[in-house]
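Here, each number is a calculation from the coordinates, and none is a lab measurement. Because the structure is a prediction, the values reported are computed rather than measured. For neighbour counting, all protein chains shown are included, and Cβ atoms are generated from backbone atoms with ideal geometry for every residue, glycine included.
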Amino acid sequence: KKSMNDVDVKGKRVFVRVDFNVPMDEGRITDETRIRAAIPTIEQLVNAGAKVILASHLGRPKGEVNEDMRLTAVGERLSELMDKPVNKLDESIGSDVEAAVNNMQDGEIILLENVRFHKGEEKNDEALAKEFAKLADLYVNDAFGAAHRAHASTEGIAKHVPAVSGLLMEKELDVLGKALSNPERPFTAIIGGAKVKDKIGVIENLLDKVDHLIIGGGLVFTFVKAMGHNIGKSLLEEDKIELAKGFIEQAKEKGVQLHMPVDAVVANEFSKDAETKVVAIDAIPSDWMGLDIGPKTAENYAEVIKQSKLIIWNGPMGVFEMEKFANGTKTVADAMATTDGYTIIGGGDSAAAVEKFEVASKMDHISTGGGASLELMEGKELPGIVALNDK
Ligand code: 3PG
């Protein structure tokens with residue numbers, strides 16, 4: 001895979017696919033991490049005298065123009081952060097875009113409109129990919145967060161113009177790739193979140209790599225059920241009980257220490273005002289539901305984290321958005337912040353959690369990709385990256 005560091009970009013039109021898919025609330029950007037993360041690449045290209053054409057998706061507009069999903073606010077914020085003009089266009093292809101690109105001076109920045117306003121983007125339509133390619137002498141893919149999508153601006157375009165990886169893409173692959181292929185040990189993975197269904201591939205792949213596997217979140221109750229305990233009204237994926245049993249067996253066979261809850265915070269209803277109590281994991285009352293790991297469990301998990309050299313975390317331990325069920329996730333976040341081990345946060349909800357508990361700056365790496373880092377952890381090849389390898 002070639003890097004943008006390997007090419008002379010002076011005077012060249014460089015099409016940079018970034019992931020500016022940021023959360024928005026009534027037109028305001030609520031988390032600008034992804035914008036900030038793309039700046040080193042943009043800055044390096046600008047300083048080297050490239051004409052920088054930025055492209056991204058935002059949300060899921062389903063191939064139609066959607067006024068709420070324009071990239072206008074993103075362009076304004078990028079311009080403020082870089083202290084440079086950013087020429088935000090209201091299309092991503094066509095004669096107006098071509099004219100604007102032709103008028104660019106070296107070091108200038110254009111931001112194209114949301115590429116998902118075109119149906120061909122998600123279909124990876126070749127004609128659209130060629131329209132993008134036409135704008136550029138070089139393609140830089142820096143959109144790690146969208147690398148698991150084979151779309152026209154993430155994959156198709158790379159077939160029609162020389163393609164290299166950007167700095168953020170390289171850093172993400174470097175950190176996650178090294179962790180998964182040549183980990184420092186003890187290597188611990190913390191897997192949480194609501195559903196077993198979403199984490200099957202990750203657990204399967206990690207069982208061959210880690211020394212410790214810590215499990216929490218809604219998905220843990222299917223495991224607890226698999227161990228033969230009553231789980232009351234806790235989340236249960238009936239059709240995954242056998243699978244969970246299999247994972248427990250495999251962990252034994254492979255010498256992986258599987259860490260499961262010894263207690264849980266249970267509630268009489270799914271509500272921030274619910275009545276709650278802490279119970280042993282084999283004593284969940286039939287009318288109650290587990291919404292967080294218990295304090296003893298959280299302490300056990302923190303201890304494992306503190307003794308590990310490398311820790312990857314994907315998925316919260318409980319319903320941390322509600323205060324009564326936040327302790328498990330907070331304790332894990334605090335342990336991640338204080339361990340001497342190298343800490344990797346696999347995007348999405350766990351990134352939101354370390355943000356909420358104000359320990360984000362203490363993490364060694366917070367991935368900008370949710371789905372993308374999950375697929376890497378499953379051992380999958382990401383199409384956006386494979387497309388760069390081909391070149
Ligand atoms: C993400 O937020 O995970 C990426 O930007 C991909 O977005 P998507 O799930 O809508 O393809």
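Before moving on, here are some points about what is shown:
- With semi-axes defined as the square roots of five times the eigenvalues of the C-alpha gyration tensor, the equivalent ellipsoid of the stretch 208-316 measures 24, 17, 11 Å, largest first.
- Mean residue ellipticity (222 nm) of the chain, computed from DSSP H runs ≥ 4 via -39,500 (n - 2.57), nearest 500: -10500 deg cm²/dmol
- In loop segments of the stretch 205-290 as defined by DSSP, the chymotrypsin sites (Phe, Trp or Tyr not before Pro) with at most 15 further C-beta atoms inside 10 Å of their C-beta are 270.
- Once both labels are positioned 7 Å from their Cα atoms along Cα-to-Cβ, the gap between residue 262 and residue 25 label points is 3.9 nm.
- Using the alpha carbons alone, the radius of gyration of the stretch 170-254 stands to its Kirkwood radius in an Rg to Rh ratio of 1.03.
- Counted over the chain, the DSSP beta bridges are approximately 25% antiparallel.
- Sorted largest first, extent of the stretch 1-75 alpha carbons per principal axis (Å): 40, 24, 23
- You can think of it this way: the chain between residue 254 and residue 150 has 34.0 nm of extra reach, that is 0.36 nm per residue less the Cα-Cα gap.
- Hull volume in cubic angstrom per residue (convex hull over the Cα atoms of the chain): 139 Å³
- Debye, to nearest 20: dipole size of the stretch 4-170, +1 on Lys, Arg Cβ, -1 on Asp, Glu Cβ: 320 debye
- Our summary gives the chain a relative contact order of 16 percent, counting only alpha carbon pairs under 8 angstrom and 6 or more residues apart.
- Charged side chains reduced to their Cβ positions (Lys and Arg at +1, Asp and Glu at -1) give the stretch 86-234 a dipole of some 1120 debye around its Cα centre.
- Coil-residue trypsin sites (Lys or Arg not before Pro) of the stretch 295-347, DSSP, other Cβ within 10 Å capped at 15: 309
- Taking label positions 7 Å along the Cα-Cβ direction at both residue 299 and residue 276, the computed distance is 1.8 nm, reported to one decimal.
- With 21 Å as the limit on Cα-Cα distance, the pairs of 277/324; 51/88; 209/356; 123/199; 225/252; 195/233 that go past it are 209/356; 123/199.
- Rg ratio (alpha-carbon, reference 2.2 N^0.38 Å) - the stretch 183-377: 0.94
- Rough spin-label spacing in nm, given labels placed 7 Å along Cα→Cβ, for residue 200 and residue 306: 3.8 nm
- The charge dipole of the chain, taken about the Cα centre with unit charges on the Cβ atoms of Lys, Arg (+1) and Asp, Glu (-1), comes to about 700 debye, rounded to the nearest 20.
- Positive-end extreme of charge dipole, the chain - chosen from 278, 371, 382 (charges on Cβ): 382
- Equivalent-ellipsoid semi-axes of the stretch 4-170, from the Cα gyration tensor, Å, largest first: 21, 19, 15
- Euclidean distance of C-alpha centroids, the stretch 254-330 and the stretch 210-245, integer Å: 12 Å
- Highest-fluctuation residue, 345, 200, 29 considered, GNM on the chain with Cα pairs under 10 Å: 29
- Environment charge at residue 227 (Cβ cut-off 11 Å; Lys +1, Arg +1, Asp -1, Glu -1): +1
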